[in-house]
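The values are calculated or read from the model by the stated rules, or taken from the named source; none is laboratory data. The model shown is predicted, which means the values in this text are computed figures rather than measured ones. Cβ placement follows ideal geometry from the backbone for every residue including glycine, while neighbour counts extend to all protein chains displayed. The protein model used for the area step is the full one, side chains on, heavy atoms only, and it has no ligands, DNA or RNA in it. Shrake-Rupley method; radii C 1.70, N 1.55, O 1.52, S 1.80 Å.
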Amino acid sequence: SEQNDDVKNFKQKDNKTDVVTQYKKERGGSKEHLYMVVIGHVDAGKSTLMGHLLCSLGQVNQKTMHKYEQESRKLGKQSFMYAWVLDETGEERNRGITMDVGKSQFETDTKLVTLLDAPGHKDFIPNMISGAGQADVALLVVDATRGEFETGFDYGGQTREHALLVRSLGVSQLAVAINKLDTVSWSQERFNEITQKLKVFLKQAGFKENDVAFVPCSGLTGQNLVEKPTENELLTWYNGPCLINVIDNFRSPDRPISKPFRHSINDIFKGTGSGFCVSGRIETGSLSTGDRVLVCPSKELATVKALAIEEVSQQIAFAGDQVSVTLSGIEMQNVSIGYILCDPQNPVQVASKFQARIVVFNVTVPITKGFPVVIHHQSLVEPAVISKLISQLNKSTGEVIKKHPRCLGNNSSAMVEIQVSRPIALEVYSDCKELGRIMIRVGGVTIAAGLITKVILSTN
Ligand code: GDP
């Protein structure tokens, strides 16, 4: 069987050199797949907006809509009917909040969009991080109602933190829905006021001006979502694209399909039949049924028995795809959320210590040596400490301003060493952007984001 494995490995390699040709053959004629995360302060109207969009695009059948309408009327919360399109369980419905990263799909002229709906509640940011980690683009929803935009944008609101988070997680293109404009009589002045404030902030957060588009709309009335506006007041000052066109105009993301295979696990479940499934995104490379994969950090080998995208079986899947992978040859209890599947011949690194270039944006106490934190790396959440402050850097040029600083405050950039409580699978950012990013949190608040610059292997 070892010989068989060799033959297979050889075949596998041969396949991989041709992966671009295969990608073109498999996907050439179809619409580009885009993953979009929806972010914004709680009650900004994210669920209502996306629910209405999906209904207008015919993604929800009449019968279901009718049911939601009746149920919501009974509860006296009629405006919630659109939000329910995205929330599935009764518990969420009763609490009136979206709890997990629920998925839905719709099409634009040139794209197939999968929604990763991010919850707005503060406790749910870890879920959002795993949603945003898989996103190509983001839709930021802000409430234009007087006082409400300010609540979401000022300290303690989630507008800023979400925008910083998605940017730190690698999302560079953003659509901003200036939502609930019906509550301010479609005021151009209000639209401009909010847009100006956001522009300044988003630039600081690292978004390029050309990669951010602002759309006036109302998720509740459906104005300017999928059709040109009909509201007279809005028509007097706006003739730009509606939300669906803005989404269609996003550039297609890079698909690093020729790089070594890496897949980050964000869910594990028992499949039908033997074996079990892991699901997540193929970050780089491609994966075929029959491939051998290395599970890291545990470094166990497994075989891919089956592959599926949105429950449809595939022979091969590529970077950027969300896939469920049925594994055999490994015990389910030896795999955890946050683990990485990779090419055994070209594996990821495994280490518990690394250097990172971080940007600190939200600490109440300055970071000092030995500072305890929680590291988010893809779907992995792990306790760690900032074990060394190596140097403080100029934020824009990266030049060293100070060696061995005693502490790091807000708005500082620095090179630090991080010691994680146990080994994790990771990569240096310059080798693999997708696995080279981390978020740093303390007490449920994101305080910094960073890029891994060097992996420090233990000497024993
Ligand atoms: P989420 O927490 O961001 O998902 O917000 P929801 O979609 O649950 O909406 C929060 C509240 O705002 C609900 O009471 C909605 O009915 C209301 N709402 C949402 N969109 C609009 C809108 O465009 N206009 C108005 N007037 N109310 C809205």
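As for the stretch 210-226, it holds at least one residue that is surrounded by fewer than 18 Cβ atoms within 10 Å (Cβ to Cβ), closer than 30 Å to S413 by Cα and not aliphatic (A, V, I, L, M). Within the stretch 161-199, the set of residues being among the hydrophobic types (A, V, I, L, M, F, W, C) and over 25 Å from the mean Cα position of the chain (by Cα) comprises L181, V184, W186, F191.
Looking at (1) open to solvent by 30 Å² or more (accessible area, probe 1.4 Å); (2) at positive phi, which is the one condition that is false for C407? It fails just one condition, (2). When E300 is tested against (1) within 25 Å of the chain's Cα centre (by Cα); (2) of a type in the set (D, E); (3) open to solvent by 30 Å² or more (accessible area, probe 1.4 Å), just one condition goes unmet, and that condition is (1). The number of residues in the stretch 337-348 being open to solvent by 60 Å² or more (accessible area, probe 1.4 Å) and of a type in the set (A, V, I, L, M, F, W, C) comes to 1. When the stretch 309-348 is filtered for residues that are without any contact (Cβ under 8 Å) to a residue 24 or more places away in the chain and of a type outside the set (S, T, N, Q), the ones remaining, listed by number, are I309, E311, V312, E331. Per the conditions (1) at pLDDT 95 or above; (2) buried (at least 20 other Cβ atoms within 10 Å of the Cβ), the sole criterion not satisfied by L165 is (1).
Please work out if S252 is under 25 Å from K24 (Cβ atoms) and open to solvent by 20 Å² or more (accessible area, probe 1.4 Å). Can you show your working first?
Working: under 25 Å from K24 (Cβ atoms): yes; open to solvent by 20 Å² or more (accessible area, probe 1.4 Å): yes.
Yes: the conditions hold for S252.
Answer yes if at least one residue in the stretch 294-301 is over 16 Å from L426 (Cβ atoms) and touching a Lys or Arg at 6+ places or on another chain (Cβ under 9 Å), and no otherwise. Within the stretch 294-301, one or more residues are over 16 Å from L426 (Cβ atoms) and touching a Lys or Arg at 6+ places or on another chain (Cβ under 9 Å). So for the stretch 349-369 (the condition being in contact with a helix residue (DSSP H, G or I) (Cβ under 9 Å, 6 or more places away or on another chain), open to solvent by less than 30 Å² (accessible area, probe 1.4 Å) and touching a residue at least 12 places away in the same chain (Cβ under 8 Å)), does at least one residue qualify? No; the residues of the stretch 349-369 include none that is in contact with a helix residue (DSSP H, G or I) (Cβ under 9 Å, 6 or more places away or on another chain), open to solvent by less than 30 Å² (accessible area, probe 1.4 Å) and touching a residue at least 12 places away in the same chain (Cβ under 8 Å).
From the list K46, K63, K31, which one is charged (D, E, K, R), under 30 Å from Q314 (Cβ atoms) and either within 13 Å of the ligand (Cβ to nearest atom) or open to solvent by 60 Å² or more (accessible area, probe 1.4 Å) (or both)? When all the criteria are applied, what remains is K31. Considering only residues that are open to solvent by 20 Å² or more (accessible area, probe 1.4 Å) and at pLDDT 80 or above, which ones fall in the stretch 137-160? Within the stretch 137-160, T145, R146, G147, E148, E150, T151, D154, R160 qualify. When P229 is tested against (1) open to solvent by 10 Å² or more (accessible area, probe 1.4 Å); (2) within 19 Å of V171 (Cβ to Cβ), just one condition goes unmet, and that condition is (2).
Scan the stretch 231-242 and give yes if some residue there is of a type in the set (D, E, K, R) and closer than 30 Å to I424 by Cα, otherwise no. Step through it out loud before you land on a result.
Keep residues of the stretch 231-242 that are of a type in the set (D, E, K, R), which gives 231, 233.
From the residues that got through so far, the ones that are closer than 30 Å to I424 by Cα too are none.
No, every residue in the stretch 231-242 fails to be of a type in the set (D, E, K, R) and closer than 30 Å to I424 by Cα.
Scoring E91 on the criteria (1) modelled with pLDDT under 75; (2) open to solvent by 50 Å² or more (accessible area, probe 1.4 Å); (3) near the ligand (Cβ under 10 Å from one of its atoms) leaves a single failure, condition (3).
Just checking: which of the helices (runs of 4 or more DSSP H) contained wholly in the stretch 139-249 hold 1 or more residues that are within 11 Å of the ligand (Cβ to nearest atom), of a type outside the set (V, I, T) and in contact (Cβ under 8 Å) with a residue 60 or more places away in the chain?
148-153, 158-168
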